[in-house]
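Taken together, the values in this text are just the output of simple stated rules run on the coordinates, not laboratory data. Worth saying up front: this structure is predicted, and the values here are computed from it rather than measured. All Cβ positions, even for glycine, are placed from backbone atoms using ideal geometry, and neighbour counts span all protein chains on display.
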Amino acid sequence: MASKVNRLSRFNITALALGMAFLYLPIVILVIYSFNASRLVTVWGGWSLRWYYEFFNDRAMLDAAWMSLRVAALSATVATLLGTLAAVGLVRGERFRGRALFSGMLYAPLVMPEVISGLSLLLLFVALNAERGFWTVTIAHTTLTMCFVTVVVQSRLASLDRSLEEAAMDLGCDPVQAFLRVTLPLIVPAIVAGWMLAFTLSLDDVVIASFTTGPGSATLPIRIYSEVRLGVKPEINAICTMVIALIAVVIVIASLASKLSSSEGKSAAPL
Amino acid sequence: MSARRIFAQPARYAAIAPYLWMVLFFLVPFGFVLKIGLSQTAIAQPPYVPVFDFTEGWTAIKEAFGQLSFDNFRLLTSDSLYISSYLRSLVVAVTSTLILLLIGYPIAYGMARLPQRWQPIAMMLVIVPFWTSFLIRIYAWVNILQHDGLLNQVLLALHLVSAPVVWLSTDTAMYIGIVYSYLPFMILPLYATLSKLDASLLEAAADLGASPLQAFWLVTFPLSLPGVCAGALLCFIPIIGEFVIPDLLAGSGSMMIGQTLWLEFFTNKDWPVAAAAAVALLVLLVPPLLLYDRLQRRTLAEGA
């Protein structure tokens with residue numbers, strides 16, 4: 001089957017192996033060093049959970065982690081709701097007034113530097129005299145991540161066979177019923193993928209959160225960021241490992257969910 | 001079909017809530033950036049002359065527009081700090097994009113040559129680091145690159161260097177961080193075009209006497225150009241405004257525009273100039289964005 005020109009050469013294999021090593025080694029090293037007993041980050045002092053204990057006794061870090069989780073869960077949920085609605089409007093709504101502006105607004109934050117998004121939202125909150133903290137960060141993250149949700153759901157919706165809905169309507173469903181009973185179950189994998197993308201993006205963001213939060217309510221990335229600027233601390237390794245583990249769990253659950261719900265047996269792409 | 005038309009109606013209403021949200025939290029704030037970029041600096045809290053006094057209604061808004069000034073924009077073009085920041089952003093983005101192409105192309109090429117059933121797995125492996133926290137991945141490099149970090153330990157153990165090399169807070173570290181973070185963005189579009197390439201074209205080239213290298217350069221590479229352009233733009237555009245990576249990994253010398261903007265905003269509290277700088281940055285990004293948009297449209301049209 002594999003033709004002569006299509007064969008893997010030694011060069012290809014080397015490139016792939018080096019590429020994967022480059023992508024994964026730093027993360028693996030970080031995880032291993034989070035179990036290092038030594039206070040010096042670079043000297044191996046045997047296996048230990050010391051820095052994990054340290055984290056669970058660090059009030060400020062725990063508060064920041066809790067704030068981050070709440071912001072990520074709430075903003076991802078609202079973003080998924082709004083993003084799905086936006087995708088339905090764009091794909092199924094066909095032409096409506098201001099459609100180009102709408103899709104432009106949904107597209108722009110994907111490529112706009114975060115510094116600009118953060119700055120503009122801060123100026124809005126200042127002008128509205130809104131107290132900055134949990135709610136302003138949640139709103140900011142919702143705005144950014146709903147654009148990603150829209151892209152993910154939109155591509156799934158666009159590839160869906162529209163005659164399924166038409167058949168449902170011929171059988172007596174009204175459009176809303178047809179959507180809820182036929183279309184929605186079919187796009188669930190994309191909705192789940194969108195939610196988890198929104199969740200991880202929110203959990204990751206430093207720049208926009210820095211602009212939109214107020215004093216005393218830092219998210220975990222903001223705290224990690226300010227610690228890293230002061231130098232490497234072993235506790236950060238432990239926190240980072242826990243974040244990686246959390247994201248891994250989210251990915252596994254979401255991919256299981258999308259496998260279970262995808263009726264064609266063709267699982268949704270993770271992006 | 002009439003069913004389609006009926007369905008279109010409720011679907012349109014679905015867009016109302018997200019539309020309003022985006023207008024309120026994306027469009028309106030951007031109006032504020034523009035307005036503040038055009039207003040006078042004030043040493044006060046908030047540190048700019050108020051945007052609009054909503055209580056005074058329409059006349060106040062008209063008056064506010066009458067007071068607009070382009071001083072901040074003039075400052076941008078006359079202050080060497082800004083000019084050098086924009087230039088540095090451009091240089092860093094171009095250099096990183098070229099390095100990314102050089103590293104990403106062989107990986108994407110290797111992926112496209114994998115047996116069919118391995119390709120989705122390879123793609124997953126490229127995407128997973130993208131899901132892993134961006135900040136954590138940069139931090140992982142701080143760990144490795146610091147003075148007594150793993151890289152120096154390995155180099156010393158192998159006797160490749162006699163004394164620890166300074167990696168952290170250098171441009172090398174920044175480029176490593178940028179290339180590391182953006183590699184998936186480069187690989188995926190490249191892989192998308194390379195995997196669709198018709199193998200029989202290469203066989204034909206071989207039959208006609210082309211060496212593998214000639215076949216690559218004369219057939220594969222030209223056909224992969226849309227992927228090359230898409231990947232390059234997808235990396236170039238966000239790198240221009242990068243803030244976290246240069247801040248954590250590069251030295252304290254010259255700054256990229258994202259950092260300058262941040263400093264102006266948080267440290268110097270010169271909001272009008274920061275807002276003007278943000279507007280200028282966006283203007284800088286318009287040409288590559290339009291290019292990317294056009295490329296995407298053409299690829300979609302060809303695919304359909």
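When the Kirkwood radius is taken over all Cα pairs of segment B:176-235, what Stokes-Einstein diffusion coefficient follows at 10 °C and 1.306 mPa s, in µm²/s?
127
If I model a spin label at B:LYS269 and A:ALA17 as a point 7 Å from the Cα along the Cα→Cβ vector, what separation in nanometres do I get?
Between B:LYS269 and A:ALA17, the label points sit 5.9 nm apart.
Quick one: B:ILE138, B:ILE187, A:ILE251, A:ILE116, fewest Cβ neighbours within 10 Å first, how do they rank?
A:ILE251, B:ILE138, A:ILE116, B:ILE187
Using a cut-off of 13 Å between beta-carbons, work out the net charge of the residues near B:SER169 (Lys and Arg +1, Asp and Glu -1, B:SER169 not included).
Cβ neighbours under 13 Å give a net charge of -1.
Using alpha carbons only, how many angstrom separate the centre of segment B:164-236 from the centre of segment B:93-127?
7
Measure nothing fancy, just the Cα-based angle from helix B:119-131's long axis to the longest principal axis of chain B, in degrees from 0 to 90, nearest 10.
Between helix and principal axis, roughly 30 degrees.
So if we plug the beta-carbon distance of A:LEU40 and B:ASP207 into 1/(1 + (r/R0)^6) with R0 = 41 Å, what FRET efficiency do we get, rounded to 0.05?
In this case the efficiency is close to 0.10.
Return the whole-Å distance between the Cα centroid of segment B:265-304 and the Cα centroid of segment A:170-196.
34
Take the Cα pairs of the protein assembly as shown, get the Kirkwood Rh, then feed it into Stokes-Einstein at 37 °C and 0.692 mPa s and tell me D in µm²/s.
Roughly 127 µm²/s, to the nearest whole number.
If you split all Cα-Cα distances of segment B:106-224 into 5 Å bins from zero, what percentages do you get per bin, shortest first?
Once binned at 5 Å, the Cα pair distances of segment B:106-224 give 2, 10, 15, 14, 12, 12, 11, 11, 8, 4, 1, 0.
Relative to the present Cα-Cα distance, how much length would full extension add between A:ARG99 and A:ASN57 at 0.36 nm per residue of separation?
Length difference between fully extended and current span is 10.0 nm.
What distance in nm separates the simple spin-label points at A:ASP161 and B:SER162, each placed 7 Å from Cα in the Cβ direction?
It works out to 7.4 nm between the two label points.
Calculate, in whole percent, how much of the Cα-Cα pair population of segment A:8-151 lies beyond 20 Å.
Tail fraction, whole percent: 69.
Compute, for chain A, the length of the dipole vector about the Cα centre, with Cβ point charges of +1 (Lys, Arg) and -1 (Asp, Glu) only. Units Debye, rounded to 20.
620
Compute the FRET efficiency between A:TRP135 and A:ALA248 as 1/(1 + (r/R0)^6), taking r as their Cβ-Cβ distance and R0 = 30 Å, and round to the nearest 0.05.
0.55
Relative contact order of segment B:91-220, please, whole-number percent, based on alpha carbon pairs below 8 angstrom and at least 6 residues apart.
Value for segment B:91-220: 33 percent.
Please list the non-local residues whose amide H lies under 5 Å from the amide H of B:LEU38, H modeled 1.01 Å from N, same-chain partners needing a gap of 5 or more.
none
I need the Debye-formula profile for chain B: one equal scatterer per C-alpha, no solvent, reported as log10 I(q)/I(0) at q = 0.09 1/Å, two decimals.
Computed log10 I(q)/I(0) values: -0.68.
Put +1 on the Cβ of each Lys and Arg and -1 on the Cβ of each Asp and Glu in chain A; which of A:PHE55, A:ALA238, A:LEU25 then has its Cα farthest toward the positive end of the dipole?
A:LEU25
Of chain A, which part is the longest with no GluC sites (Glu not before Pro) in a loop (DSSP not H, G, I, E, B) and with at most 14 other C-beta atoms within 10 angstrom?
Excluding the exposed sites themselves, the longest stretch runs over A:132-263.
Which ³J(HN,Hα) values, rounded to whole Hz and listed in residue order, are derived for segment A:66-80 from phi using the Karplus coefficients 6.51, -1.76 and 1.60 in 6.51 cos²θ - 1.76 cosθ + 1.60 with θ = phi - 60°, glycine and proline given as x?
So the J values, rounded to whole Hz, are 4, 4, 4, 4, 5, 4, 5, 5, 5, 5, 5, 5, 5, 5, 5.
Quick one: what do you get for segment B:117-164 if you divide its Cα Rg by 2.2 N^0.38 Å?
1.65
Can you bin chain A into rounded, prolate or oblate? Criterion: square roots of the alpha carbon gyration tensor eigenvalues sorted a ≥ b ≥ c, rounded for a/c under 1.5, prolate for a/b above b/c, oblate for the rest.
Oblate.
Looking at segment A:1-107, which chymotrypsin sites (Phe, Trp or Tyr not before Pro) are DSSP coil and have at most 14 other C-beta atoms within 10 Å of their C-beta?
Here the sparse-neighbourhood loop sites are A:TRP44.
Given springs between every Cα pair under 10 Å in a Gaussian network model of chain B, which of B:ALA11, B:ALA276, B:ALA206 has the largest fluctuation?
The residue with the greatest mean-square fluctuation here is B:ALA11.
Between segment A:123-150 and segment A:39-113, what is the separation of their alpha carbon centroids in Å?
Rounded to whole Å, the Cα centres lie 12 Å apart.
At a threshold of 8 angstrom on Cα-Cα distance, excluding pairs fewer than six apart, so keeping six or more, what relative contact order does segment A:21-126 reach in percent?
Here the relative contact order equals 10 percent.
Where does each of A:ILE247, A:ILE32 land when they are ranked from fewest to most other beta-carbon atoms within 10 angstrom?
Listing A:ILE247, A:ILE32 from fewest to most nearby Cβ atoms yields A:ILE32, A:ILE247.
In chain A, which longest range has no trypsin sites (Lys or Arg not before Pro) that are both DSSP loop (not H, G, I, E or B) and surrounded by at most 11 other Cβ atoms within 10 Å?
The answer is A:98-265.
Roughly how many nanometres apart are two label points built 7 Å out from the Cα toward the Cβ at A:THR77 and A:VAL176?
Label at A:THR77, label at A:VAL176, 2.2 nm between them.
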